[in-house]
Structures are given as structure tokens and as C-alpha cells.
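Structure record follows, encoded as C-alpha cells.
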Amino acid sequence: MKRPIRVLLAAALAVLTLAGCGQKSAAPESSGAAGEEAGKKVLVVGATPVPHAQILRDVVAPLLAKEGIELQVKEFTDYVQPNLALADKLIDANFFQHIPYLEKFSAERNLDLTYTVRVHIEPMGVYSQKVKSLAELPDGATVAIPNDPTNAGRALVLLAQQGLLKLKEGVGFAATVNDIVENPKGLKIKELEAAQLPRALADVDAAVINTNYALEAGLNPAKDALAIESGQDNPYANVLAVRKGDENRPEIQALSRALTSPEVKEYIEKNYQGAVVPAF
């Protein structure tokens, strides 16, 4: 009986060993930063779907392919995970955020992130399914804004520019709801996650929505927005974010050049018609 038991134990051990090897080989798709894949350089970039992933796939990927670099785009639908994935080296770079958000997020999470190039500006707009102009907003109307600090302040500034609110003197884009000093219509400001704002339109009187989420929801900022930010002197340029120390990596430099190429500028101007504005 001892010999069969030893045989069974050996077989079980072999199965476990093979299973362990199988687990190691099945690494996550984006587990690594840029590397070699069958002799080809691979660059993994995180992006939100519109317009960032579109720009990367439609224009940047073919440009990088000419330099022997395969661009893999990993899509995210929120504003938190792309920076965490970058810091954890699950991706090589990300393209979804503006400078104030990157700086604030990095400081709060103690992340060593920076950016290489400014690519475009997405003017934030006010949308509504209930009224056709901001003047029609009733007293006590509910207006939704993003709940992350940088975009919330930006939304409040836009509402103030439209005469709907007055903010504390000098607070600027750092404004919070506590900085509202005059609210003649008695607007109720509702803070929601930015990605939820388009879906909330049916439940509120108006919402201030980031352009990428507006475009994803089928809204046309140039036609549908009741008010929209000016792109001129706008500090909210979307950038290519990387880990500090990676700025001079050849693949990152190639990506930075491609994102600020004439081809990308032409693509943005042709496809987004003012909803997205080149920042270079």
C-alpha cells in the first residue's frame, strides 16, 4: 500500500506545481510597463474613453508604430484608478486629467507623478433637460456639479460667471460651496461623481459636466451646452502624466511628440469642433 500512496502523492505534487507555474505565466494584461514583446517595444497608456482613448488609438498609435513602438490603451471610466495604476507601475503613462487635478491628487496620495506635455483643453459646460437657457432656471433649482475639489471649483466659477452665484473675493478655482456668498435664485448645489453627471440630468434642473463625459453621453458641447468655459488662458490643460524620472525614457518622449504632433492637432480640430481645443 505504501507504493501507491507515494505515487498518488507525487502525482498530486506535480499537479500543484504545474498549477503554480500556470498562475505565474498568466500575468495581468497591463502588469508591466513598456517592455519587449517579440522584439517590439510596448507602451501601455491609461485613458478615459472620450476623447483621450480615441486620440491615442486613431492618431497616436499609428505614429508610434512607425517608430517600432506598439501602443496599448487601457481604458478607465473614473478619475482615481488611472493615477493609482500609474504609481503602481501597472501602466507606463496616463492621459485623462488636467494639471490642477494631477497636482492635487499626487499631493494628497503622496504619489511621485508629473507630466510631460499639455495636449488639449476640454471646456466645461452647463447642460439641462429641463430648461433651454440659464435664465429659465427656477428659484430653488437643483444644479449638479462634480464632487472632486478641482472640478467643483471650476464648475462654481462657471456658474458665477453666468451671474447665478457670487463667490468669496479672490477664491478663484479653489472655490467650494462654502465660498458662495450670494445665491439669488437659492440654487441647491448637488455634488456628484463626475462620471455620474450625464445620467443625473433627468433628476436635476441643470448639471455642470466635464466635456469627456458629455461627449460619451452623446452631448454636443458646442450645441447643447447652455454655457461653456472659454479655452483662452484656461489653466485646465489635459496632460500626459508619467512617473517622475520617466520623462526622458525614449518611449515616453516618442509618445509626447506624437501627442503634440500636427496630426493630433488636426484630428482634434476636425472631430471635436470646439468641444476639445488643442493646447499646443
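The values are calculated or read from the model by the stated rules, or taken from the named source; none is laboratory data. Just so it is clear, the model here is predicted, and its values are computed rather than measured. Note: ideal-geometry Cβ built from the backbone for every residue, glycine included; neighbour counts use all protein chains shown.
Worth a mention:
- Residues of region 232-248 classified as surrounded by fewer than 18 Cβ atoms within 10 Å (Cβ to Cβ), of a type outside the set (S, T, N, Q) and over 18 Å from the mean Cα position of the chain (by Cα), total: 4
- Screening region 106-132 for residues that are of a type in the set (Lys, Arg) and not assigned by TED's automatic domain parsing to the domain that holds residue 51 and picking the one that is farthest from residue 223 (Cα to Cα) gives 130.
- Taken over region 172-192, the criterion of being outside any strand (DSSP E or B) and touching a Gly at 6+ places or on another chain (Cβ under 8 Å) is satisfied by 172, 173, 174, 175, 176, 185, 186, 187.
- Residue count for region 75-114, restricted to those that are without any contact (Cβ under 8 Å) to a residue 40 or more places away in the chain and on the phi > 0 side of the Ramachandran plot: 1.
- Inside region 196-213, residues that are modelled with pLDDT of 95 or more and in a helix (DSSP H, G or I) make up a count of 8.
- Index of the failed condition, residue 154 passing every other in (1) assigned by TED's automatic domain parsing to the domain that holds residue 223; (2) part of a helix (DSSP H, G or I); (3) loosely packed, with under 15 Cβ neighbours inside 10 Å: (3)
- Hey, residue 181 touching a strand residue (DSSP E or B) at 6+ places or on another chain (Cβ under 6 Å), crowded, with 19+ Cβ neighbours inside 10 Å and not charged (D, E, K, R) or not: no
- Against the numbered list (1) within 23 Å of residue 53 (Cβ to Cβ); (2) at pLDDT 95 or above; (3) out of contact with any Pro (no Cβ under 7 Å at 6 or more places or on another chain); (4) of a type in the set (A, V, I, L, M), residue 222 comes up short only at (2).
- Residue 57, sole failed condition from (1) in a helix (DSSP H, G or I); (2) in contact with a helix residue (DSSP H, G or I) (Cβ under 8 Å, 6 or more places away or on another chain); (3) without any contact (Cβ under 8 Å) to a residue 40 or more places away in the chain: (2)
- In the set (1) part of a helix (DSSP H, G or I); (2) farther than 30 Å from residue 138 by Cα, the condition left unmet by residue 241 is number (1).
- Residue check for residue 255: of a type in the set (A, V, I, L, M), on the phi < 0 side of the Ramachandran plot, touching a Ser or Thr at 6+ places or on another chain (Cβ under 6 Å) and at pLDDT 95 or above: no
- Within region 258-271, restricting attention to residues that are touching an Asp or Glu at 6+ places or on another chain (Cβ under 9 Å) and farther than 21 Å from residue 42 by Cβ, the residue that is modelled with the lowest pLDDT is 271.
- All positions within region 132-168 that are in contact with a Phe, Trp or Tyr (Cβ under 9 Å, 6 or more places away or on another chain) and under 15 Å from residue 180 (Cα atoms): 149, 153, 154, 156, 157
- Flag if residue 67 is surrounded by fewer than 19 Cβ atoms within 10 Å (Cβ to Cβ), modelled with pLDDT under 95, more than 16 Å from residue 239 (Cα to Cα) and charged (D, E, K, R): no
- Residues that are buried (at least 16 other Cβ atoms within 10 Å of the Cβ), over 18 Å from the mean Cα position of the chain (by Cα) and within 23 Å of residue 103 (Cβ to Cβ) are absent from region 196-210 altogether.
- Filtered residues of region 175-201 (kept if in contact (Cβ under 8 Å) with a residue 24 or more places away in the chain and of a type in the set (Gly, Ala, Ser)): 186, 194, 195, 200
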